[in-house]
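To keep things clear, I will list the structure first and then write my remarks on it.
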Amino acid sequence: MEIDVLTLFPRIFEGPLDESILKRAQKSGLVAVRVHNLRDFTHDKHRVVDDKPYGGGPGMLMKPEPIFEAVETIRREESCVVLMTPQGAPLTQERAQEFSRKPHLVIICGHYEGVDERVREALVDEEVSIGDYVLTNGALAAAVFVDAVVRLLPGVLGDEQSAGDDSFSSGLLEGPQYTRPPEFRGMQVPEVLLSGNHEAVARWLAKSARQRTKERRPDLLKED
Ligand code: ADE
């Protein structure tokens with residue numbers, strides 16, 4: 001997969017890309033992530049990327065010209081152009097899986113009060129929100145989005161099973177998990193997990209996943 005990120009703050013994005021699994025995925029060629037500074041697509045002396053909204057109101061909007069020039073330079077026939085915005089459809093594990101099957105993502109990070117509406121109208125294929133709260137900078141949201149998508153690419157997680165076992169991938173939260181030691185400060189690992197009885201363990205894991213989901217996220221159990 002290839003990912004191009006368009007942002008006013010490339011350095012914000014570079015930290016998360018340079019650690020751990022995202023770093024390894026790039027090194028091993030499973031994903032190529034390129035971060036572009038939108039100011040590089042301006043042509044005036046002050047490299048202006050924002051302006052006041054028509055009709056007044058507080059704050060500044062991102063101007064259309066640098067975003068159009070960047071996207072038109074970078075996108076290809078098969079590209080999916082994504083705008084990070086709190087107005088977008090919420091990111092879910094299912095949507096992350098859909099995005100992970102796209103060959104090329106071009107991600108526009110919003111800033112200030114948002115982007116000129118013509119960017120949405122003419123360039124954007126999908127709008128993505130990472131939750132019902134407002135960040136100062138879409139680059140943070142894009143880093144979350146890229147992480148959620150890239151870890152689902154085949155070969156990125158060491159153990160192919162890992163992503164399949166995630167909370168949400170089965171529609172449920174994962175139940176409690178334990179590692180060694182079997183007893184720590186008087187707290188015991190449930191006996192069944194130490195029993196070696198694979199069927200009993202599987203039953204216990206399934207039951208505790210259902211129970212945890214019911215307690216914490218009953219909305220996930222509702223049928224649609
Ligand atoms: N930009 C600002 N807030 C955001 C959010 N919640 N999701 C995506 N992009 C954003």
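The values are calculated or read from the model by the stated rules, or taken from the named source; none is laboratory data. The structure presented is a predicted model; accordingly, all values stated were derived computationally and were not measured. When we count neighbours, we look across all protein chains shown, and the Cβ atoms used for this are built from the backbone with ideal geometry, even at glycine. Heads up: the accessible areas ignore ligands, DNA and RNA and are worked out on the full protein's heavy atoms, side chains in. Shrake-Rupley method; radii C 1.70, N 1.55, O 1.52, S 1.80 Å.
Residue pairs, Cβ under 6 Å, 6 or more apart or interchain, first in the stretch 114-131 and on the phi < 0 side of the Ramachandran plot, second in a helix (DSSP H, G or I) and away from the ligand (no atom under 13 Å from the Cβ). List them.
D116/P64; R118/P64; V119/P64; V119/I67; L123/V71
So which residues in the stretch 58-90 are open to solvent by 60 Å² or more (accessible area, probe 1.4 Å) and not in a strand (DSSP E or B), if there are any at all?
Those that are open to solvent by 60 Å² or more (accessible area, probe 1.4 Å) and not in a strand (DSSP E or B): P58, M60, E65, E69, E72, T73, R75, R76, E77, E78.
Go through the stretch 128-160 and count every residue that is of a type in the set (S, T, N, Q) and closer than 20 Å to R34 by Cα.
Residues that pass the stated criteria total 1.
Quick check: anything in the stretch 87-108 farther than 27 Å from Y54 by Cβ and near the ligand (Cβ under 10 Å from one of its atoms)?
Yes, some residue in the stretch 87-108 is farther than 27 Å from Y54 by Cβ and near the ligand (Cβ under 10 Å from one of its atoms).
How many residues does the stretch 30-48 hold that are assigned to a loop (DSSP other than H, G, I, E, B), open to solvent by 30 Å² or more (accessible area, probe 1.4 Å) and touching a helix residue (DSSP H, G or I) at 6+ places or on another chain (Cβ under 7 Å)?
Final tally of qualifying residues: 1.
Which count do you get for residues in the stretch 169-200 that are part of a helix (DSSP H, G or I) and of a type outside the set (A, V, I, L, M)?
3
Return only the number of the condition from (1) of a type in the set (A, V, I, L, M, F, W, C); (2) over 30 Å from S28 (Cβ atoms); (3) open to solvent by 60 Å² or more (accessible area, probe 1.4 Å); (4) in contact (Cβ under 8 Å) with a residue 24 or more places away in the chain that F184 does not satisfy.
The failed condition is (4).
Considering the stretch 109-155 alone, what residues qualify as being near the ligand (Cβ under 10 Å from one of its atoms), part of a strand (DSSP E or B) and not hydroxyl-bearing (S, T, Y)?
C109, H111, E127, V128, N137 - these are the residues of the stretch 109-155 that are near the ligand (Cβ under 10 Å from one of its atoms), part of a strand (DSSP E or B) and not hydroxyl-bearing (S, T, Y).
Which one is farthest from V31 (Cα to Cα) among residues in the stretch 91-108 that are hydrophobic (A, V, I, L, M, F, W, C) and assigned to a strand (DSSP E or B)?
I108
Can you pull out the residues in the stretch 136-163 that are more than 17 Å from Q26 (Cβ to Cβ) and either buried (at least 19 other Cβ atoms within 10 Å of the Cβ) or touching a residue at least 60 places away in the same chain (Cβ under 8 Å) (or both)?
N137, G138, A139, L140, A141
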